Amino acid sequence: MEITSAEFVISNTDVRKCPAGNLPEYAFIGRSNVGKSSLINMLTGRKGLAMTSATPGKTMLINHFLVNKNWYIVDLPGYGYAKRGFKGQEQIRNIIESYILQRPQMTCLFVLIDSRLEPQPIDLQFIEWLGENGIPFSIVFTKADKLKSGRLGANVEAYLRKLKEQWEELPPYFVTSSENRLGRKELLDYIESINKE
Ligand code: GDP
């Protein structure tokens, strides 16, 4: 799919204030600093669209970006940022959970996983929670350029093995880099294929 336009629409902390209408939404989530903003900018080809930040865990908002005038990218707050403190983390959890559970427009949730790390309990727990709630999701491995290909393949395999302990069937997954645009076409084609259904 070609991206012909991508524009910021609204940020908020309340799912009831998200845009009206029935356009499909593709939401992106992951631990703070996983590379979510960079990925959104890479996908849309708009460098400053999502706010990347050297300060992890800065954004606590649900951000809507309208793409090609007919679907949304939704940038959800990053989870698991300890410096926020317990109360801050609870707040973020409520925002994330209310969006995911109360937004029928959400067509697929992309869960971002740093390809350099071994499977992290916080991500596995989150994925389990998605399963319990019947949420459609895919996995996006980020920062692939930071690893040699052998290591990258081994890490992805290890992750999939871990998921197989939880799931009979693996979710779709993508290996990406915002640095060299790896996985861009695959992700956009996947979104296009769901949009056409
Ligand atoms: P967010 O907190 O999940 O939105 O993460 P950011 O997109 O702000 O990225 C966090 C840090 O990782 C920044 O320093 C980015 O430059 C870096 N980063 C993000 N994606 C990539 C990538 O694909 N490759 C490399 N080498 N660095 C990345």
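FYI, it's all coordinate maths here, none of it is from the lab. Being a predicted model, the structure only gives us computed values, none of them experimental. Every residue, glycine as well, gets a Cβ built from its backbone with ideal geometry; the counts of neighbours run over all protein chains shown.
So here's what we get for this one:
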item: DSSP-defined antiparallel bridges as percent of all bridges, the stretch 6-196, nearest 5; result: 40 percent
item: Relative exposure of Phe137, Phe86, judged by other C-beta atoms within 10 Å (fewest first); result: Phe86, Phe137
item: Computed [θ] at 222 nm, deg cm²/dmol, the chain (DSSP H ≥ 4; -39,500 (n - 2.57); rounded to nearest 500); result: -11500 deg cm²/dmol
item: Per DSSP, loop trypsin sites (Lys or Arg not before Pro) in the stretch 117-197 with at most 16 further Cβ within 10 Å; result: Lys148, Arg181
item: For the chain, radius of gyration divided by Kirkwood radius, i.e. Rg to Rh on alpha-carbons; result: 0.93
item: Subset of Lys148/Lys185; Lys17/Lys196; Lys69/Lys185; Lys17/Lys146; Lys17/Lys162 violating a 29 Å alpha-carbon distance limit; result: Lys17/Lys146; Lys17/Lys162
